[in-house]
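Structure first, then comments.
The values are calculated or read from the model by the stated rules, or taken from the named source; none is laboratory data. Predicted, not measured: the structure shown is a model, and the values here were computed from it. In this analysis, Cβ positions are derived from the backbone assuming ideal geometry, glycine residues included, and neighbour counts consider all displayed protein chains.
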Amino acid sequence: MMRTRISLRQFFFILAIASLNLCGCAEDGLQLVIYSPHGKELLDDFAKRFEKDHPGVKVRWQDMGAQDALDRVRSERANPQADIWWGAPAPLFMRAAEENLLEPYRPSWAAAVAASYRDARDRWYATWITPEVIMYNSKTLTREHAPQDWDETLSEKWRGKIVLRDPLASGTLRAIFFALIYRQYQQTGTAAAGYEWLRQLEANTKTYAANPTLLYLALSRGEAQFTLWNHPDVLLQKHQYGYPFEYVVPASGVPLVPEGIALVAGAKHLDLAKDFYEYVTTPEAYLHAAKIYWRIPARTDLNFSEFSPETDPRNFPGLPLDWKLFADSSETWMKYWDAHIRNQGKASAK
């Protein structure tokens, strides 16, 4: 067999051509980068579906907390690494819009979303509405004995029996904390009574989980009996992974959190990001997400007879909320909680 020898100069020439080809793929916009808190199951599913319908495209998603996503987009503003930000409570998108971190885009279905679920300048739109509920371990609690409303979680019988996601990194917990502060804020115009409520909740909280996986493990192992969490994840973890989770819809109402989607300002692949934006918000995509991931659509023009009661917003009475106030005040409120309430309520309760 004859062997072909190449010179060192030829070797580096071939290497350079290969590098140019690789760079060309990136410049051609064939890789889409997504920041999202929607969970690996949903993200991987929609990424593969999009790749199948868009040959040659690679979707790279990064699953992270909603607040973490905002922090990443903010820190990378000089050199954006993500193309699209998919998922987070609307107030986080409001803050990002005010900081000029988002690229305006008006989707084809813009008229089918309520004005309160979209930005007036098209910088973000809600895709789903997420109810926040009380999630409990069905092996250690029955539905009748689980807390039936928010205030019942403060009972001394739950001392050391609650696990919560760390709210500093979690858009879900920030939304819940805001809603519980806002109940009193509406009457008094201050957050003081809400802080006191959170101080009593802190007294019953055993630990704060650094990520959702640790939250699920702590609850399923019986290290705690319940948590405050979002409705879709309760059902997803129960049906896909067999976790012993059930939920209670608090009698006084629940925060109905609009979950947004937006293009990142200065993104490298805006046209591809727009294609993905439209792809995950078609009627077919909404129905798939509802059936598999228990997501409730924000669009009002869908055929809701095809959706199950678990994804019907009429089954989740909403608490009155001011999302603009959330966007303006939640950071201050969370800093106060971190400095004056976290890990201090237990000591004061002894």
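In the condition set (1) modelled with pLDDT of 95 or more; (2) of a type in the set (A, V, I, L, M); (3) within 23 Å of Phe326 (Cβ to Cβ), Ala115 is compliant with all but (1). From the list Glu144, Glu103, Glu132, Glu98, the one residue that fits, being touching a helix residue (DSSP H, G or I) at 6+ places or on another chain (Cβ under 8 Å) and loosely packed, with under 13 Cβ neighbours inside 10 Å, is Glu98. Criterion applied to Glu284, Glu310, Glu278 was being charged (D, E, K, R), in contact with a His (Cβ under 9 Å, 6 or more places away or on another chain) and part of a helix (DSSP H, G or I), and the one residue passing it is Glu310.
Only one of the listed residues (Glu152, Glu98) is of a type in the set (Asp, Glu) and under 24 Å from Glu259 (Cα atoms). That residue is Glu98. Just one of the listed residues (Ala327, Ala262) is over 24 Å from Gln148 (Cα atoms), in contact (Cβ under 8 Å) with a residue 40 or more places away in the chain, surrounded by 14 or more Cβ atoms within 10 Å (Cβ to Cβ) and in contact with a strand residue (DSSP E or B) (Cβ under 7 Å, 6 or more places away or on another chain), namely Ala262. Contact map, segment 68-81: residues that are aliphatic (A, V, I, L, M) and at pLDDT 95 or above paired with residues that are assigned to a loop (DSSP other than H, G, I, E, B) and crowded, with 17+ Cβ neighbours inside 10 Å, Cβ distance under 6 Å, separation 6+ or inter-chain. Pairs shown: Val73/Leu101.
Only a single criterion out of (1) at pLDDT below 95; (2) under 30 Å from Asn204 (Cβ atoms); (3) surrounded by fewer than 22 Cβ atoms within 10 Å (Cβ to Cβ); (4) small (Gly, Ala, Ser) is not satisfied by Ser308, namely (2). The residues in segment 32-66 that are in a helix (DSSP H, G or I) and either loosely packed, with under 14 Cβ neighbours inside 10 Å or under 20 Å from the mean Cα position of the chain (by Cα) (or both) can be counted, and the count is 12. May I ask you to verify whether Thr142 is farther than 29 Å from Ala265 by Cβ, in a helix (DSSP H, G or I), hydroxyl-bearing (Ser, Thr, Tyr) and not assigned by TED's automatic domain parsing to the domain that holds Leu272? No: the conditions fail for Thr142.
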